[in-house]
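Undergrad: One structure, as structure tokens, below. Some questions next.
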Amino acid sequence: MTALTEGAVLGADGLRRCAWGESTDDYRAYHDTEWGRPVHGDDALFERVCLEAFQSGLSWLTILRRREGFRAAFAGFGIAEVAEFGEADVERLLADTGIIRNRAKIQAAIANARVARDLDGGLDALIWQFAAAPDRPAPRTMGEVPAVTPESTALAKALKKEGFRFVGPTTAYALMQACGLVDDHLADCHVRTARPV
């Protein structure tokens, strides 16, 4: 069997996890305490939008291990603060070894903050309207977890319509998974089975 056709894997601590969540200590902590849990608040969701955009083309582990550096560099992902960043901030960020130094992604984060600041109703309301149905069947294997869904395609389209950058359907689905708009923990994963029904 491959990881795509197996259910959750048994960890050394006796808990079953989605296979990726058992691959490193960083992933284990993220999987067990954060991934798939509902995230609300405009600034909190803005952070996730930015981090998912920076992850594009890279491993999520690369972003996860630099998360505190990103938070320091981007003023804790406060939308109001990042929206005021100018060219000097772009140059500062390009020199910051604690983040991914990609000019297009840095400029997108600043532009996205300006869009988020000016959204009618806020970023939380915009994103959460695309949450998947709560009774969606739990995936039994990683092969059953999609990369894109109709909801993520619609979310990406809505974000782009508002002016957001680096928000394609795959990135939007990763955001939905990370922020609890969809629960893709496997059916026999301890995180899913520990939740009240």
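Undergrad: Which is in contact with a strand residue (DSSP E or B) (Cβ under 7 Å, 6 or more places away or on another chain), among the basic types (K, R) and closer than 27 Å to W128 by Cβ, of R17, R48, R71?
TA: Every option except R17 fails the conditions.
Undergrad: Related question: Which one of these is surrounded by 14 or more Cβ atoms within 10 Å (Cβ to Cβ) and of a type in the set (A, V, I, L, M, F, W, C): L64, L58?
TA: Answer to the check: L64.
Undergrad: Out of the residues in the stretch 121-143 meeting the condition of being charged (D, E, K, R) and modelled with pLDDT under 95, tell me which one is surrounded by the fewest Cβ atoms within 10 Å (Cβ to Cβ).
TA: D135
Undergrad: Would you tally the residues in the stretch 88-120 being within 19 Å of the chain's Cα centre (by Cα) and among the aliphatic types (A, V, I, L, M)?
TA: 11
Undergrad: Now a separate question. Just checking, which of D43, D89 is farther than 22 Å from A156 by Cβ, modelled with pLDDT of 95 or more and of a type in the set (D, E, K, R)?
TA: D89
Undergrad: Now a separate question. Take the residues of the stretch 144-187 that are closer than 23 Å to D124 by Cβ and of a type in the set (D, E): which is surrounded by the fewest Cβ atoms within 10 Å (Cβ to Cβ)?
TA: Once the filter is applied, the top-ranked residue is E162.
Residues are listed down the side, and each one gets a yes or a no for (1) outside any helix (DSSP H, G or I); (2) touching a Phe, Trp or Tyr at 6+ places or on another chain (Cβ under 9 Å):
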position	(1), (2)
K157	no, no
K160	no, no
R165	yes, no
A172	no, yes
Q177	no, yes
L181	yes, yes
L186	yes, no
V191	no, yes
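Undergrad: Restricting attention to the stretch 88-112, which residues are basic (K, R) and over 18 Å from L58 (Cβ atoms)?
TA: Passing the criteria: only R92.
Undergrad: Specify the residue that is surrounded by the most Cβ atoms within 10 Å (Cβ to Cβ); the eligible residues are those in the stretch 67-106 that are touching a residue at least 40 places away in the same chain (Cβ under 8 Å) and closer than 25 Å to T24 by Cβ.
TA: I99
Undergrad: Pairs under 7 Å by beta carbon, first residue more than 15 Å from I63 (Cβ to Cβ) and without any contact (Cβ under 8 Å) to a residue 60 or more places away in the chain in the stretch 29-49, partner aliphatic (A, V, I, L, M) and part of a helix (DSSP H, G or I), six or more apart or different chains?
TA: D43/I79
Undergrad: Let me ask something additional. If we scan the stretch 33-52, do we find a residue that is in a helix (DSSP H, G or I), over 10 Å from the mean Cα position of the chain (by Cα), of a type in the set (D, E, K, R) and under 23 Å from A116 (Cα atoms)?
TA: Yes; the residues of the stretch 33-52 include at least one that is in a helix (DSSP H, G or I), over 10 Å from the mean Cα position of the chain (by Cα), of a type in the set (D, E, K, R) and under 23 Å from A116 (Cα atoms).
The values are calculated or read from the model by the stated rules, or taken from the named source; none is laboratory data. Please read all numbers here as calculations on a predicted model, not as lab measurements. Methodologically, a virtual Cβ is constructed for each residue, glycine included, from the backbone with ideal geometry; neighbour enumeration extends over all protein chains shown.
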